[in-house]
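S.K.: Could you have a look at this structure, given as structure tokens, before my questions?
The values are calculated or read from the model by the stated rules, or taken from the named source; none is laboratory data. These numbers come from a predicted model, not from an experiment. Because the Cβ atoms are built from the backbone with ideal geometry, glycine has one as well, and the counts that use them run over all protein chains shown.
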Amino acid sequence: MIEEQDAGYRIGIGTDIHRIVEGRKLMLCGVYVPYPAGLAGHSDGDVGLHAVIDALLGASGMGDIGTLFPDTDPALKDVDSKELLFVVKEQLEEKKWEVVNVDLIIHTEEPKLGPFKGQMKRCIAGLLGIDFTAVNVKAKTNEEFGDIGAGEAMAATATALIRKKRRRTL
Ligand code: MG
């Protein structure tokens with residue numbers, strides 16, 4: 001007899017914004033994007049991964065990125081945000097959560113991200129151990145409105161769906 005526990009689903013949302021500054025490498029969703037400026041931040045400033053992390057922490061009820069990885073921690077100075085996402089993925093696994101899918105929007109006037117979306121999806125999917133098709137990356141301009149429209153900041157919005165791993169009794 002196979003008994004399957006009812007799978008519990010949870011959804012989470014995450015947003016982030018970082019200032020665009022000269023002298024930093026532009027890292028988005030774990031991918032280096034050639035551009036004359038990058039994102040300010042205590043970490044590598046990867047606004048895309050930060051939004052995904054907050055969506056996963058929200059879905060699992062595990063708090064937020066600022067509490068888990070404080071920007072006052074010297075050990076996290078210029079940290080690769082892929083490492084942070086991997087830590088979160090491990091914490092989800094400890095609590096028997098698995099990621100169903102992730103949807104992400106990068107809000108920026110420049111650069112055009114079309115050529116990098118495939119790599120970004122592969123990077124996030126690889127870190128989370130899920131299929132490439134379960135990650136979606138979109139890019140939107142802000143129609144020249146506000147700080148994003150002026151090219152002074154880049155933001156991201158993400159949602160994530162997770163479910164409890166099924167327990168099987170044979
Ligand atoms: Mg951030």
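S.K.: For the stretch 37-56: of the residues being part of a helix (DSSP H, G or I) and of a type in the set (Gly, Ala, Ser), which is farthest from the chain's Cα centre (by Cα)?
M.R.: Of everything passing the filter in the stretch 37-56, Ala55 is farthest from the chain's Cα centre (by Cα).
S.K.: On to the next question. Does Ala153 meet the test of being within 14 Å of the chain's Cα centre (by Cα) and hydrophobic (A, V, I, L, M, F, W, C)?
M.R.: no
S.K.: Continuing with the same structure: Closer than 18 Å to His18 by Cβ, basic (Lys, Arg), loosely packed, with under 12 Cβ neighbours inside 10 Å and touching a His at 6+ places or on another chain (Cβ under 8 Å): is that true of Lys77 in this structure?
M.R.: When the stated conditions are applied, Lys77 passes them.
S.K.: Which condition does Gly14 not pass, out of (1) in a loop (DSSP other than H, G, I, E, B); (2) within 22 Å of Cys123 (Cα to Cα); (3) within 16 Å of the ligand (Cβ to nearest atom), if it passes all the others?
M.R.: Of (1) in a loop (DSSP other than H, G, I, E, B); (2) within 22 Å of Cys123 (Cα to Cα); (3) within 16 Å of the ligand (Cβ to nearest atom), only one is false for Gly14: (1).
S.K.: Going by the structure shown, is Val87 at pLDDT 95 or above, more than 16 Å from the ligand (Cβ to nearest atom) and under 13 Å from the mean Cα position of the chain (by Cα)?
M.R.: No.
S.K.: Specify the residue that is nearest to the chain's Cα centre (by Cα); the eligible residues are those in the stretch 18-36 that are within 30 Å of Lys164 (Cα to Cα) and assigned to a strand (DSSP E or B).
M.R.: Checked the stretch 18-36; the qualifying residue nearest to the chain's Cα centre (by Cα) is Leu28.
S.K.: For the stretch 20-44, name all the residues that are touching a helix residue (DSSP H, G or I) at 6+ places or on another chain (Cβ under 8 Å), over 18 Å from Val87 (Cβ atoms) and within 13 Å of the ligand (Cβ to nearest atom).
M.R.: Leu28, Leu39
S.K.: Now for a different question. Scan the stretch 45-75 residue by residue and report those that are in contact with a Ser or Thr (Cβ under 8 Å, 6 or more places away or on another chain) and away from the ligand (no atom under 11 Å from the Cβ).
M.R.: Ala55, the sole residue that qualifies.
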